[in-house]
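Step one of this worksheet: look at the structure below.
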Amino acid sequence: MTAPLEAQDSAEGAEPEAITRGVRNTANRSLRQIAWQRLKRDRVAMAGGVVVIVLVLAAVLAPVIAWLTGESPYQYDEALMDPLTGGALNDPADPASGVDPLGGMSLKHPFGLEPGNGRDMFLRVIYGAQISLIVAFCATVLCVVIGTLLGIVSGYFGGWVDAVISRAMDIFLAFPLLLFAIALAGVVPDGAFGLNGNGLRIGLLIFIIGFFNWPYIGRIVRGQTLALKEREFVEAARSLGAGNAHILFRELLPNLVTPILVYSTLLIPTNIIFEASLSFLGVGINPPTPSWGGMLDNALDYYTTSPHFVIVPGLAIFLTVLAFNLLGDGLRDAFDPRSTD
Amino acid sequence: MSTPGAGKAPAAATDAVVRVRDLTITFPTMDGEVRAVDGISFDVAPGGALGIVGESGSGKSATSLALMGLHRGTRAQITGEIAVVDTDINAASDAQVRALRGNDIAMVFQDPMSALHPQYTIGNQIVEAYRSHHPEASKADARKRAVDALDRVGIPEPARRFNSYPHEFSGGMRQRVLIAMGLVCEPRVLLADEPTTALDVTVQAQILDLLDDLRRDLGMSLILVSHDLAVVAGSVDEVLVMQKGKVVERGDVSDVLARPEHPYTQALLAAVPRVEVSRAQRRAQVRAERVHAPDSAAEDARIAASDAPAAEAGESLSVMESGAEIEAGEPLLKVENVRMRFKVRGGMLAQGQDFYAVDDVSFELRQGETLGIVGESGSGKSTLSRMVMRLLQPTEGRVTFEGRDITRMADRQLRPLRRDVQMIFQNPYSSLNPRITIGDSIGTALRVQGERNRQTIKNAVRDLLDRVGLEPEHYNRFPHAFSGGQRQRIAIARALILRPKLIICDEPVSALDVSTQDQVLRLLAELQDDFDLTLIFVAHDLAVVRQVSDRVLVMRKGKVVEEGEGDSVYENPQHEYTKQLLTAAPVLDPAEARSLRAERARARGTEESAAAS
Amino acid sequence: MITYLLRRLGAGVLLLAVVTLVTFMIFYVVPRMAGQTTEQLATMYVGKAPTEEAIQAAIARYNLDEPVVVQFWEFVKAIFVGADYTFGNQVTQCSAPCFGYSFQTYQEVFPEIIRRLPVTLSLALGAGVVWLVGGVGIGIISAIKKGSIFDRVAMGLALAGVSLPVFFTGLLALAFVVHAWGILPTPEYTPITENPFAWLVGMILPWLTLAFLQGAQYARQTRAGMLETMGEDYIRTARAKGLSERRVIFKHGLRPTLTPIVTIFGLDIGLVLGGAVLTESVYSLQGIGRYAVQAIVTSDLPVILGVTLFSAFFIVLCNLIVDLLYVWVDPRVRVSG
């Protein structure tokens, strides 16, 4: 008498429940496979992904590109510049030929020349990408490590541990971050913590950004942990004799990988902008090392004559940030269990 | 008259308030179209009551939303004809449908906790329903009607509660508020979609009684949608059984329940646990059916013989031996005067108040016995089982297992205990880690307990998968590839892998469809026989508890109100609350349902007069 | 409800205390961690011409040779009751709240901040109105018309908006709107009491620049929140009552959507009031944020310190206002607290 029902139960798999949610035949695909399929169909996100890959390659291969083009990001060429306004000359041979509205863009200098000193913008932008990406990636990693650890601990243990960590997150989120960063950059002398020059600068930027931005990840991880903790598999693991470490890292963490991945992708652009902002304010990377924010800071003096000096590094920031945002949004949608297609 | 199949159109009732013909609802998805409702037809006469019954995925909810025109604006494609009070829902303009909603046909939803807007007072929300259909009505008039409606559904002090927010009400009260909201325009049809699924059994009875009263007093038609045949039995005249979008059976409720014709209805009815069936009867039935399935018996023998990992580990005694040993002496489990206190945050600068989730509970359990613990939400039954499991530490009292006091043992000391006491959880969708393969999930216990040999673990897991009726080859699959019933089997395998002596089942079947419920209960019974298990069976469903338990504890608000042999508690309840529970339990026989309803009404009458005097 | 407010007030005071502590740490403890001696630290507080005498005076003035706890105590005391400063043989009273003296101008920091407050206030409030109204409005329309051309264009712009740093949009505006096309004059602050029209014209670009970034975020957030709210059960209930779609959206959908936005707005406006550092820098507006940035160049530490504390105060204040608003917006707070 129960036979037909039994057959139905096992043969149909998870179908009856699934129909109501509008997904069918997905039972045998893992969540990641489904997400990947969705992501592949999301052309905008894929475009973002491609731009990100190209950028990373360009940054990594910056010295190779410099060698190929035979240019250097530090090579001054003041002869090409208009002595009066600092803009690139229309005719390098004629100092009186006026300022080129395109900023000296040519095959040799595809992004033009830096006003005032004639350095090659193309290479400076690529070397700037190096700094931007290194700082943003490392800071994001720092955020993720601190945020995940504190978030998962706070969510899982609850009680006063949670109270303290949550309060700390609230406070961090309410900090006047930029001012703190400025202050920190102002008081730390050169040659501290065993680092100096730009090594110290990069380290400091990573620390400031990573240390003050972790609550974004922390909050998400805490929230997810709170939700997961209510799921009975945590109690089930405990009732099998598993300790806290097993539950935190073997049971909970695998469930947190996806949100952490998604929100790190969305945190990277925030951190890129943060780094650029600090460099713009003059507390980031020291010149002459190129940075996008630093170029825009200099552009304040030249925007009337050399608009390309605004546009080129600005677009570099914009496109990078946009690409990461597109990819992150796409990832988030792809992994969203509520979406039906 | 019971007409199987949906082919024949019902006798054309021209005066029907709801008329559905050949309704088909299709949802486009990534993997093609899913036909949630497939050509169904029915009528509801004025003042009539129709029950729509089906398990999850049967299309019953899609149907009820279609009656309200609530699929508008979604991607659902609807064909066929739906006429509600002579308005063609599919053809009508948005404005026409709106004029109908709430005014001619009102709907009550499943989850009263989320169906009310949290930021407006209930009065505001009811008045709004009235004034949107009676824009000419004055504020005072609308308010008066809202208060009347609240009064009608049994909200005490309606005029004062008018200004309360939803979070100030309990679930049952919120459902009453929603019904009041539906009533305020005096609709001709009330559509209730699983109105009691989220509620306790006594509250469920109150809401069903209320719906029945309202229908009779106000001459409304009622459409009651439920997964539970017993819920509709006492409240409707006609019933429609749906399976996978089709109507498989339709007819007068007493005919369908007494003489089901379609095999699906028959199976569904057979699977419904009946409170009148005793433990002995059920056991005999299960064992008898088992003998007729020699395959599985042979398999049992094979597995019992090869009883691999536990025997190899050499630590746990053979189940049979230990059983014999203990039966002679003291009880396997002894719980003495346990209490569990939780701090509740106080209001105005007040100190936190103490709240006892479990208050002075004692019981003993002998080897091989099954103890049923029954109670509604807030009764403390889950807290109690978690204290026995030592997932919670009792505030006071003592828990003794095999003579050892485990009340205050530290986690590390508890680890050996975990071999002997295991738990099966309520919700198989949340009790399995979605990111871990089922093989690993089941094997975790062995690993945590110190087994290092991967092959040993794997073999043990595969044997158990086979034993609980799953394919051993599915070892590397993730939980989402399995249905609810299959997942509960996995959870059972996980609890069994350490060969425990005592298993605590916390509502093990309440998240499952009726037919799956029955299979899981059978499996548990078989395993109890084969492994000589002692069980604590915690549930809110009286019938389920009766069928599996030798003894029963009835809990209410943290205290045990009645304890005894299963049959005596059910046939001769002593405590008022037990009686109340038993009269509230939904039954399949419509006649009996009505007599129970009358009994409840009498009980309420005496209560009220007692309160008044 | 009183408990709730008291708790929120407590949280605000705590925030202020922590920010004070962290600020103190940054200025007095971090340099030591970075390996600086008391004299080197004191040199940072002397200004351009460090004489041995001046360094010793700075050590005495900031109690740099005392234990850290004493330093912190004096630091906090100065904020609350003021302090006396000795410059050579001259003693000056720095009244509370005393954030110290600028090394550059030898002026008290606090009055200098107050002097610049109207600029930042004009910028923050004006931009706040623009981004709140614009962002939330666009977000709502986008959510209602999900998938329409409007939605696509608006969300595309919003995504671009959150990817554009303020200083880039600001520079673009300067290069094109101001310089190349001459549509607007170079942004400049004129007190509204002096010439309301000049005030308006001078602030338009800064407002739009700041509001574009923030508004883009608000539009995205509002749209997402609205879509989530519209999927709630109580929205289905509202529809089942027969309410018009307009009423369902604007009465039942909007309020839960806006509730979290209120919190975010409080936080954001607080941050901006404490100095819209980037916007002020790009347009050379003499606001509080620019004051701090200029101080970096000259290593004028008391100024940075003062601005940091002052902006923390604004953040706390705005958070408290939000908490008050919440009592009105969300009835659940009133009872449970």
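The values are calculated or read from the model by the stated rules, or taken from the named source; none is laboratory data. Here the structure is a predicted model, which means the values were calculated and not measured. Because the Cβ atoms are built from the backbone with ideal geometry, glycine has one as well, and the counts that use them run over all protein chains shown. Side chains included, ligands, DNA and RNA excluded: accessible areas come from the protein's heavy atoms. Shrake-Rupley method; radii C 1.70, N 1.55, O 1.52, S 1.80 Å.
So here's what we get for this one:
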read-out: B:Ile492 more than 8 Å from chain A (Cβ to nearest Cβ) and under 21 Å from A:Leu228 (Cβ atoms); value: no
read-out: Filter result for A:Pro269 (modelled with pLDDT of 85 or more and closer than 19 Å to C:Leu278 by Cα); value: yes
read-out: Flag for A:Leu61 being of a type in the set (A, V, I, L, M), surrounded by 12 or more Cβ atoms within 10 Å (Cβ to Cβ) and at pLDDT 90 or above; value: no
read-out: Subset of the stretch A:93-122 that is outside any loop (DSSP other than H, G, I, E, B) and surrounded by 23 or more Cβ atoms within 10 Å (Cβ to Cβ) - its residue that is modelled with the lowest pLDDT; value: A:Leu113
read-out: Whichever residue in the stretch B:115-130 is in a loop (DSSP other than H, G, I, E, B) and facing chain C (nearest Cβ under 7 Å) and, among such residues, is farthest from C:Thr237 (Cα to Cα); value: B:Gln119
read-out: Residue within the stretch A:223-232 that is more than 23 Å from B:Arg447 (Cβ to Cβ), in contact with a helix residue (DSSP H, G or I) (Cβ under 7 Å, 6 or more places away or on another chain) and of a type in the set (Lys, Arg) present; value: no
read-out: Sole exception among (1) open to solvent by 10 Å² or more (accessible area, probe 1.4 Å); (2) under 30 Å from B:Gly57 (Cα atoms); (3) within 12 Å of chain C (Cβ to nearest Cβ); (4) outside any helix (DSSP H, G or I) for B:Leu199, by number; value: (3)
read-out: Single residue of the stretch B:45-77 satisfying the filter (of a type in the set (S, T, N, Q) and part of a loop (DSSP other than H, G, I, E, B)) that is nearest to the other protein chains (Cβ to nearest Cβ); value: B:Ser56
read-out: Counted residues, the stretch B:15-41 - those being within 14 Å of chain A (Cβ to nearest Cβ) and either part of a strand (DSSP E or B) or among the hydroxyl-bearing types (Ser, Thr, Tyr) (or both); value: 12
read-out: Members of the stretch B:560-571 that are open to solvent by less than 80 Å² (accessible area, probe 1.4 Å) and in contact (Cβ under 8 Å) with a residue 40 or more places away in the chain; value: B:Val560, B:Gly566, B:Asp567, B:Tyr570
read-out: Selection status of B:Arg152, among the basic types (Lys, Arg), crowded, with 22+ Cβ neighbours inside 10 Å and touching a residue at least 24 places away in the same chain (Cβ under 8 Å); value: no
read-out: Enumeration of residues in the stretch A:236-246 that are surrounded by 21 or more Cβ atoms within 10 Å (Cβ to Cβ) and assigned to a helix (DSSP H, G or I); value: A:Ala236, A:Ala237, A:Arg238, A:Ser239
read-out: Residue satisfying all of: in the stretch C:138-159; more than 23 Å from the chain's Cα centre (by Cα) and of a type in the set (Gly, Ala, Ser); surrounded by the most Cβ atoms within 10 Å (Cβ to Cβ) among these; value: C:Gly139
read-out: Test result for B:Arg415, more than 14 Å from chain A (Cβ to nearest Cβ) and either in a loop (DSSP other than H, G, I, E, B) or touching a residue at least 24 places away in the same chain (Cβ under 8 Å) (or both); value: no
read-out: Single condition A:Val310 does not satisfy, out of (1) touching a Cys at 6+ places or on another chain (Cβ under 9 Å); (2) crowded, with 24+ Cβ neighbours inside 10 Å; value: (1)
read-out: Of all residues in the stretch B:212-231 being at pLDDT below 90 and under 20 Å from the mean Cα position of the chain (by Cα), the one that is nearest to B:Asp38 (Cα to Cα); value: B:His227
read-out: C:Leu309 being buried (at least 18 other Cβ atoms within 10 Å of the Cβ) and within 10 Å of chain A (Cβ to nearest Cβ); value: yes
read-out: Complete set of residues in the stretch B:247-289 that are in a strand (DSSP E or B) and surrounded by fewer than 20 Cβ atoms within 10 Å (Cβ to Cβ); value: B:Asp252
read-out: Of residues in the stretch B:401-434 being basic (Lys, Arg) and either buried (at least 20 other Cβ atoms within 10 Å of the Cβ) or under 16 Å from B:Pro500 (Cβ atoms) (or both), the one modelled with the lowest pLDDT; value: B:Arg415
read-out: Odd one out for A:Ala316, checked against (1) within 11 Å of chain C (Cβ to nearest Cβ); (2) closer than 30 Å to A:Ile34 by Cβ; (3) surrounded by 24 or more Cβ atoms within 10 Å (Cβ to Cβ); value: (2)
read-out: Qualifying residue in the stretch B:131-148 (condition: buried (at least 24 other Cβ atoms within 10 Å of the Cβ), within 30 Å of the chain's Cα centre (by Cα) and either touching a residue at least 12 places away in the same chain (Cβ under 8 Å) or more than 10 Å from chain C (Cβ to nearest Cβ) (or both)); value: no
read-out: Residue in the stretch B:159-175 that is over 27 Å from the mean Cα position of the chain (by Cα), among the basic types (Lys, Arg) and part of a helix (DSSP H, G or I) present; value: yes
read-out: Extreme residue, farthest from B:Val544 (Cα to Cα), among residues of the stretch B:442-472 that are facing chain A (nearest Cβ under 8 Å) and assigned to a helix (DSSP H, G or I); value: B:Val448
read-out: Selected residue (criterion: modelled with the lowest pLDDT) from residues of the stretch C:294-337 that are among the polar types (S, T, N, Q) and part of a helix (DSSP H, G or I); value: C:Ser336
read-out: Where a residue in the stretch C:179-192 is farther than 17 Å from C:Leu117 by Cα and its partner, wherever it lies, is assigned to a loop (DSSP other than H, G, I, E, B) and not aromatic (Phe, Trp, Tyr), with Cβ under 6 Å and at least six apart; value: C:His179/A:Thr304
read-out: Residue selected from the stretch B:572-610 under the condition over 17 Å from B:Thr202 (Cα atoms) and under 23 Å from the mean Cα position of the chain (by Cα), by the criterion surrounded by the fewest Cβ atoms within 10 Å (Cβ to Cβ); value: B:Asp589
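Residue-by-condition table, conditions (1) part of a helix (DSSP H, G or I); (2) open to solvent by less than 20 Å² (accessible area, probe 1.4 Å); (3) within 13 Å of chain A (Cβ to nearest Cβ):
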site	(1), (2), (3)
C:Thr3	yes, no, no
C:Leu14	yes, no, yes
C:Val29	yes, no, yes
C:Asn63	no, no, no
